[in-house]
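Everything on this sheet refers to the single structure shown next.
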Amino acid sequence: MIGETAFGMQDSGEIRINREILHAGNSPAHYVSTTGSHTWPYTNSATAATNIQAAVDAAATGDTVRVDSGTYQEGAEITIAKAITLESRYGADETIINGQNAYRCLYLSNGATVDGFTISNGFAVSSEFSVSGGFAGTGGGIHCDGSGTVQNCTVSENFALAGGGIFCRGGGTVQNCTISGNTTTGEGGGIYFYYDGTVENSIIWNNSVDDVVNSYNSAVSFSRICTTPSIGDNCITNDPQLVGMKLSPSSPCIDAGMVIEGINTDIDGMPRPLDGNDDGFVATDIGAYELVNERADSDGDGLSDSAEMNSFGTSPVNSNSDGDPASDYEETIADTDPLDDSDWFRIEAIEGTTVWFQTSTNRQYSLLWSLDLNDGQWSSVRNQSPVMGSGGIDSLTDPNSDPACFYRVEVELP
Ligand SMILES: [Ca+2]
Ligand SMILES: [Ca+2]
Ligand SMILES: [Ca+2]
Ligand SMILES: [Ca+2]
C-alpha cells in the first residue's frame with residue numbers, strides 16, 4: 001500500500017491510523033461508563049468509553065472527561081498530559097481508580113485536573129523512568145509532573161518508594177483532599193514535594209512513615225492543612241478524628257477551612273460551606289468532606305440543613321431554591337413544590353367576596369379580612385371555619401359583603 005505523508009511517498013504493507021490522537025470536533029465533553037458502547041469519541045453516556053484512558057486520549061485541551069460510577073482498574077497508570085479536567089459525575093464515593101497494588105493510579109502533567117475520585121491501591125516501586133517520563137517509583141496514587149491539580153479526592157492505601165499517596169515534581173496543586181493510610185519506604189507517606197507546589201484545605205493524616213515532606217524546603221505553599229508536624233499557615237496538628245475518610249462531629253477540621261474559588265461542593269456534591277458546628281456562621285471544613293450538623297440551618301431559611309437535603313431536596317445554602325416568590329420554608333408550609341418556580345401558594349382570582357386559590361389535599365385554608373393594609377390587622381372572616389383543600393382550584397366566600405375590605409388566604413397544617 002502506498003500513501004503520501006509530510007515526508008513524501010511511503011510504501012508499506014500496512015497503514016495504521018491512530019485516530020485517538022485527533023480531536024473529535026466540537027465535543028467538549030467525553031464520557032466514561034462501565035456500561036458504555038465504547039464508541040469513539042465517547043460524547044454521551046450511551047457511547048461512553050469503558051476505560052478512562054481512551055476518553056482522555058479522545059479529549060483536546062480544555063475538554064472535560066466525565067466518569068460514571070464504578071471501579072476503574074485499567075491495568076496501567078492513567079496518563080493525562082494535557083490541560084483537561086477528569087471529573088466524576090456522581091462523587092468520589094462511587095468513582096474509584098484502583099491501581100490493583102500493581103501500578104500507579106494517575107500521572108498528571110501540562111495542567112491536567114482531576115476532580116472527585118477515590119484514588120487507592122496505587123503502587124510505584126520501579127527505579128526506572130516510567131513511559132510517561134516521570135520517576136516511576138514515586139507517587140503511588142498520583143504523580144504530578146511540573147503541574148496538575150487534584151481536587152475533591154480521597155487518596156488512600158497507595159504505596160511508593162517516595163510520596164506514597166502523591167508526589168509532586170516541580171509543581172502540582174492539591175485542594176480539598178483527604179490523604180490518609182498511604183505508605184512509603186522512603187519519605188512522604190502522604191505527599192512528597194520535590195520543588196514547588198500548593199496544598200490547600202486538605203487533611204494529610206495517618207500515613208506511613210510520615211505525612212508531608214517538602215524536600216529542600218522549596219517554594220511549596222501550605223494553607224489550612226491538618227497534619228503533623230505543623231506546616232504552613234493555620235495548620236491544625238490535632239487528630240482530625242476521621243471516620244473512614246469523613247469527619248466525626250467533634251473533628252477540629254469542622255468550619256476551620258478556607259473557601260477555594262470555583263469549588264462550591266464537597267467530594268460528594270454536597271454544597272459547601274455549611275455551618276458544621278451550629279454557631280450561626282458557615283465555613284468550609286478542612287478536607288474532602290463537608291459535615292452536616294443535624295441542628296444547623298446554614299441559609300437561615302427556617303429549615304435545617306439535614307431536612308433540606310434528606311426530606312425536601314432543597315438547597316441548604318439557598319433560602320429560595322427555585323427563585324420563585326416563596327422561600328423554601330414557605331413552600332414546605334404551603335405544600336407547594338420548592339423546586340418548581342411556577343408553583344407557589346397564591347391567590348388566583350377574586351370575584352366580589354369570593355377568593356380563588358390553588359390547594360393541596362394535605363393543607364387547610366381559611367379566609368382573613370382587613371380594612372386597612374397599612375395597619376396589618378387581619379381577622380378571620382365571621383361564621384367560617386377552615387376548609388381542607390381539594391388539590392385543585394378552590395374558593396372561599398365571605399358571606400358578609402359589607403363593609404368593603406381586603407382578603408388574604410391562610411394555609412396551615414390541619
Ligand atoms: Ca462547615
Ligand atoms: Ca436551611
Ligand atoms: Ca434552603
Ligand atoms: Ca416553588
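Every read-out reported here was derived from the displayed coordinates using simple, explicitly stated rules and does not represent laboratory data. This one's a predicted model, so the numbers in the text were calculated from it and none came from an experiment. Please note: Cβ atoms are built from the backbone with ideal geometry, for glycine as well, and neighbour counts cover all protein chains shown.
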Report task. Determine, from the Cβ-Cβ distance of S248 and Q73 and an R0 of 45 Å, the FRET efficiency 1/(1 + (r/R0)^6), rounded to the nearest 0.05. Result -> 0.90
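For n ≥ 4 DSSP H runs only, could you compute -39500 (n - 2.57) per run for the chain, divide by its residues and tell me the 222 nm figure to the nearest 500?
Values: 2 runs with 14 residues, N = 414.
Theoretical 222 nm ellipticity from helices: -1000 deg cm²/dmol.
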Report task. Using the number of other C-beta atoms within 10 angstrom as an exposure proxy, rank E261, E187 with the fewest first. Result -> E261, E187
Report summary line: Surrounding charge for I225, neighbours by C-beta under 11 angstrom, Lys/Arg +1, Asp/Glu -1, total -2
Report task. Would you be so kind as to identify which of I263, V292, H30 lies farthest towards the positive end of the dipole of the chain, taking Lys and Arg as +1 and Asp and Glu as -1 on Cβ and the Cα centre as origin? Result -> H30
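At a 10 Å Cβ-Cβ cut-off, how would you order D394, D297, fewest neighbours first? List each step's numbers first, then the result.
Numbers: D394 18, D297 21.
The most exposed by this proxy come first: D394, D297.
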Report summary line: In nanometres, the difference between 0.36 nm per residue of separation and the alpha-carbon distance of I263 and Q377 is 36.4 nm
**Report entry** Residues with amide H under 5 Å from that of F123, placed H, sequence gap 5 or more
**Finding:** A102, Y103, R104, C105, F159
Query raised in the report: So, with +1 on the Cβ of K and R and -1 on the Cβ of D and E, and no other charges, what is the size of the charge dipole of the chain about its Cα centre, to the nearest 20 debye?
Result: 1580 debye
Query - Net charge of Cβ neighbours under 10 Å - reference Y289; Lys, Arg +1; Asp, Glu -1 - result: -3
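What size of dipole, in debye to the nearest 20, comes out for the stretch 304-414 about its Cα centre when the only charges are +1 on Lys and Arg C-beta atoms and -1 on Asp and Glu C-beta atoms?
It comes to approximately 460 debye.
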Report summary line: Per the charge dipole of the chain (beta-carbon charges, Lys/Arg positive, Asp/Glu negative, Cα centre), the residue among P399, F312, L242 reaching farthest to the positive end is L242
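Contour minus end-to-end for I347 and S366, with contour as 0.36 nm per residue of separation and end-to-end as the Cα-Cα distance? Kindly include the intermediate steps, with their values, before the conclusion.
Numbers: separation 19, 0.36 × 19 = 6.84 nm, distance 1.23 nm.
The I347-S366 span can extend by a further 5.6 nm.
Which shape class applies to the stretch 70-296: rounded if a/c is under 1.5, otherwise prolate when a/b exceeds b/c and oblate if not, where a ≥ b ≥ c are the square roots of the Cα gyration tensor eigenvalues? List each step's numbers first, then the result.
Values: a/c = 1.76, a/b = 1.49, b/c = 1.19.
Prolate, since a/c reaches 1.5 and a/b exceeds b/c.
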Report summary line: Fewest-first ordering of V411, V220 by Cβ atoms within 10 Å yields V411, V220
Query raised in the report: Ordered by residue, what ³J(HN,Hα) values in Hz, to whole numbers, does the stretch 77-88 give under the Karplus form 6.51 cos²θ - 1.76 cosθ + 1.60, where θ = phi - 60° and Gly and Pro are x?
Result: 5, 8, 9, 10, 10, 7, 7, 10, 10, 9, 10, 7
